[in-house]
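The values are calculated or read from the model by the stated rules, or taken from the named source; none is laboratory data. Keep in mind it's a predicted model, so treat the numbers as computed, not measured. Every residue, glycine as well, gets a Cβ built from its backbone with ideal geometry; the counts of neighbours run over all protein chains shown.
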């Protein structure tokens, strides 16, 4: 596998939106409530681009995965019903999705490992992520990758399970 993890380009928004629409449909088919309320949407992706936080996993020129990777930018995380493992700088991951054509290959995990490298490159040693209580695929991934359940946060009016992983300084 010779995939590249890099910042998304504006010209890739249509490919990214297709991947997100596939993920929205998968959440619905799984019976999950996550992403069933009009979010994410193309405006969210354009906003990611404007902020420089949209990242893709690419197979050559083909976008096969997407995530928003922000630094210290999730106000909802300040009000956790529980406790984070750390209080310093953190990377937050949102809007994680893989193309239907590439499912079952461990690419979400690979994307998270690339995000860990990105965080360390920014001298940040904490990654925080949240997901819906009924998003079983993502819950399995964060468990497998060693994230710690820290409590619940409220995003878009709904409770979300919040996780953190502390990274090792090299």
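Listed values, structure above:
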read-out: Matching residues in the range 73-112 - criterion: being touching a residue at least 60 places away in the same chain (Cβ under 8 Å), within 15 Å of residue 155 (Cα to Cα) and in contact with a helix residue (DSSP H, G or I) (Cβ under 8 Å, 6 or more places away or on another chain); value: 95
read-out: Single residue of 52, 65 found to be over 20 Å from residue 156 (Cβ atoms) and either at pLDDT below 95 or more than 14 Å from the chain's Cα centre (by Cα) (or both); value: 52
read-out: Residue tally, condition part of a strand (DSSP E or B), at pLDDT below 95 and within 16 Å of residue 125 (Cα to Cα), over the range 139-170; value: 0
read-out: The range 118-138, residues that are part of a loop (DSSP other than H, G, I, E, B) and farther than 22 Å from residue 88 by Cβ; value: 132, 133, 134, 135
read-out: Residue list for the range 42-65, restricted to those being out of contact with any helix residue (DSSP H, G or I) (no Cβ under 8 Å at 6 or more places or on another chain) and either surrounded by fewer than 12 Cβ atoms within 10 Å (Cβ to Cβ) or within 16 Å of residue 96 (Cβ to Cβ) (or both); value: 43, 44, 48, 50, 51, 52, 53, 58, 60, 61
read-out: Pair list, Cβ under 8 Å, 6 or more apart: the range 135-151 residue touching a residue at least 60 places away in the same chain (Cβ under 8 Å) and at negative phi, other residue part of a loop (DSSP other than H, G, I, E, B) and surrounded by fewer than 16 Cβ atoms within 10 Å (Cβ to Cβ); value: 135/30; 136/30; 137/30; 148/85; 150/83; 150/85
read-out: Matching residues in the range 4-41 - criterion: being in a loop (DSSP other than H, G, I, E, B), out of contact with any helix residue (DSSP H, G or I) (no Cβ under 7 Å at 6 or more places or on another chain) and buried (at least 19 other Cβ atoms within 10 Å of the Cβ); value: 32
read-out: Filtered residue count, the range 74-114, keeping only those that are loosely packed, with under 14 Cβ neighbours inside 10 Å and under 15 Å from residue 58 (Cβ atoms); value: 2
read-out: The range 77-89: number of residues that are part of a helix (DSSP H, G or I) and more than 23 Å from residue 137 (Cα to Cα); value: 1
read-out: Failed condition for residue 92, given (1) assigned to a strand (DSSP E or B); (2) within 12 Å of the chain's Cα centre (by Cα); (3) farther than 17 Å from residue 162 by Cβ; value: (3)
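Each row is one residue, and each column tells you yes or no for (1) without any contact (Cβ under 8 Å) to a residue 40 or more places away in the chain; (2) over 25 Å from residue 134 (Cα atoms).
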| site | (1), (2) |
| --- | --- |
| 28 | yes, no |
| 32 | no, no |
| 36 | yes, no |
| 41 | yes, no |
| 46 | yes, yes |
| 51 | yes, yes |
| 58 | no, yes |
| 62 | no, yes |
